[in-house]
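Read-outs throughout are calculated quantities, based only on the coordinates presented, and are distinct from any laboratory measurement. Computed from a prediction, not measured in an experiment: that's the story for all the values here. All Cβ positions, even for glycine, are placed from backbone atoms using ideal geometry, and neighbour counts span all protein chains on display.
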Amino acid sequence: MTRATVTLPAAGLRWSRWPSLLALVALWYLIALLMDDPVLVPSPAATLAAFYHHLVEGDLITSLAATLARVAIAFTLAMALGSILGILLGRSQMMDDMFGGWLVIALNMPALVTIVLCYVWFGLNESAAILAVTINKAPLVAAITREGARAIDRSLLEMTRVFAVPRLRVLRRVILPQIAPSFMASARAGLSLTWKIVLVVELLGRPNGVGFEIRTFFNYFDIASILAYSLAFIAIVMAIEGCILQPLERRVERWRQP
Amino acid sequence: MKGFELQGITRDFAHPTPHAVLRGIDLTVTAGELLSLVGPSGSGKTTLLRIIAGLDRVFGGKLIWPDGRRPTTAMVFQEPRLVPWLSILDNLLLVAGEASRDEATVALAEVELAGSEHAFPGQLSGGMQRRASLARALLTRPALLLLDEPFISLDAACAGRMRRLLATYWQKHGVTIVLVTHDLREAVELSTRIVALSPQEGRLMKEVPLPLPRPRADAAIDEALAGLRALTDGWPQPSDSSDSASARCGPTTAQTSHFSRARSRFLALSRSIA
Ligand SMILES: Nc1ncnc2c1ncn2[C@@H]1O[C@H](COP(=O)(O)OP(=O)(O)OP(=O)(O)O)[C@@H](O)[C@H]1O
Ligand SMILES: [Mg+2]
């Protein structure tokens, strides 16, 4: 059986990558040393100090929590909406003829435009922020899921029809396993996209969160804090990717192993 | 189940060029019979079976069920059609339900697949997959059983055992069976009646009842076969150049291969008769 598989580079890290990561830190140290301008290029040690400061005395935890909450809500909404849309487009030629073009436009819409429009139309509030992120991400999920839904094996569906297999069992045992790989692919692609857009949304019109903090540090030209916040956030996203998404994906792909 | 009736069944395909495959098939299948449908490759056997199974609804003519609806049906497709990510046992339970675990194990043992319950279809040979798909069909205890060349890609001895298994099952459960095959000998060994599809016209050519006692001995089968040569009139002959034969035979290599196997059977058959 063939079907479309979407492979994306893993955002999680393998242990073998640690030496190269250490080399990156060393390079950073070297550049900071050569530039010799602690404000413009803070050293890793200064960044670590800033991190500690924000962790203990500042708003790092609450900001991260606020941002992660937005990511979680928007991610869930976009996955649900995008998957349903993708399945409809992939299963019905008529739907695809009618709305396939809309999807192309949605995919190419700059994130900034949707965010600004949502804020203008719906006000500077939480719902507008979540909506903006969802609208930005759902088309990507829909596009990936559509490919998965298109590749559903008709011959297996025919088999279940002759044997009059109950619908729910067909969905669980035959249809969902075929959509799962593209669902996982869109979850991964979607997660990194979501948190990047959430930061922009926060920067433009929210009173808290990592994006908001980064704007504040930008105003004070506090590069060390910007780096500290970003690194903390990258670490969390990678942890989610490595501890949740990748094991899940391995489970989904298990039957393919010989 | 009371049998069913086909009235003037026609089927045209628009692609790649418009062509008629079935043109006016009239056939009454009586309850509990084991009907063999024979015909050369590309004559429309699978097409007709799909219409009976309800998978193809864009045909002309009428398909009449006495109760107004199709009875419980099981099918062995021309390809095994097992779900690749379910184990063999789970493939059987998919159609039969979780409660049939014990029966499924027995059914797999009957097709000589004991020990392969937890293998995935991709880990089995083609013949093993085909037997699994036979077990799946028998397990559901259908009123109507549709078999599309269920014994190809099995070695001769194994195919023989599977044929006997099917005959026993049919006698025990009184199921109505439509068996599609290239193999006239197989049809004679198993069926109560043989109908042949004509090579080109898409009609039923001949109907031959086979009121032979069972189990049928080789000698009796050979004798009956000799009287059936007319059934294969107009089938691509072994003397045809292979070019024209493969042109008639369609594009897929799978089709070509069992076509050529069938062809050599007929070659051997006509020699033995001469
Ligand atoms: N979906 C389809 N679209 C177009 N033509 C089709 C389609 N299905 C079948 N045909 C045509 O119908 C004819 C009969 O096909 P069918 O599969 O019924 O043959 P068959 O008798 O089962 O052959 P075989 O013994 O090789 O399985 C062939 O000429 C084939 O090209
Ligand atoms: Mg066929």
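General remarks:
- Cubic angstrom per residue, convex hull over Cα atoms of region A:12-143: 187
- Taking other C-beta atoms within 10 angstrom as a stand-in for reagent exposure, A:Arg172, B:Arg81 fall in the order A:Arg172, B:Arg81, fewest first.
- Computed E for A:Arg172/B:Glu201 - FRET, C-beta separation, R0 45 angstrom, nearest 0.05: 0.50
- Cα long-axis angle, helix B:126-139 against chain B (0 to 90 degrees, to the nearest 10): 70
- Tilt relative to chain B, helix B:156-173 - C-alpha long axis, 0 to 90 degrees, to 10: 70
- With the charge dipole of region A:129-258 set up from +1 on Lys and Arg Cβ and -1 on Asp and Glu Cβ about the Cα centre, the Cα lying farthest toward the positive end among the listed residues A:Leu199, A:Thr145, A:Val170 is that of A:Val170.
- Helix A:176-205 axis versus longest C-alpha principal axis of chain A: approximately 30°, rounded to the nearest ten.
- Long-range tail of P(r) for chain A (Cα pairs > 32 Å, %): 36
- Sum of -39500 (n - 2.57) over DSSP H runs of 4+, divided by residues of the protein assembly as shown (222 nm, nearest 500): -18500 deg cm²/dmol
- Restricting region A:169-258 to GluC sites (Glu not before Pro) in coil, as DSSP defines it, with at most 16 other Cβ within 10 Å: A:Glu253
- Direction-averaged projected area, Cα convex hull, region A:90-151: 4.5 nm², rounded to one decimal.
- Taking a ≥ b ≥ c as the square roots of the eigenvalues of the Cα gyration tensor, region B:71-117 is classed as rounded, since a/c falls below 1.5.
- Global geometry of region A:190-244, whether rounded, prolate or oblate, following the gyration tensor of its Cα atoms and the 1.5 cut on a/c: oblate
- What you get for chain B, charging only the Cβ of Lys and Arg (+1) and of Asp and Glu (-1), is a dipole of about 320 debye around the Cα centre.
- Partner lysines whose Cα lies under 29 Å from the Cα of B:Lys62, excluding those fewer than 8 positions away in the same chain, are identified as B:Lys2, B:Lys45, B:Lys206.
- Rg [Å, one decimal], Dmax [Å, integer] - chain B, C-alpha atoms: 18.5, 55
- For region A:65-192, convex hull volume per residue from C-alpha positions, Å³: 118
- For region A:121-258, average projected area of the Cα convex hull in nm²: 11.8
- Dipole magnitude for region B:70-144: computed about the Cα centre from +1 point charges on Lys and Arg Cβ and -1 point charges on Asp and Glu Cβ, it is near 300 debye.
- Charge tally around A:Gly190: other residues with Cβ under 15 Å, Lys/Arg +1 each, Asp/Glu -1 each, net +2.
- Remark: region A:68-256 carries a charge dipole of roughly 800 debye about the Cα centre, counting +1 on each Lys and Arg Cβ and -1 on each Asp and Glu Cβ.
- Using alpha carbons only: equivalent-ellipsoid semi-axes of the protein assembly as shown, gyration tensor based, whole Å: 65, 24, 21
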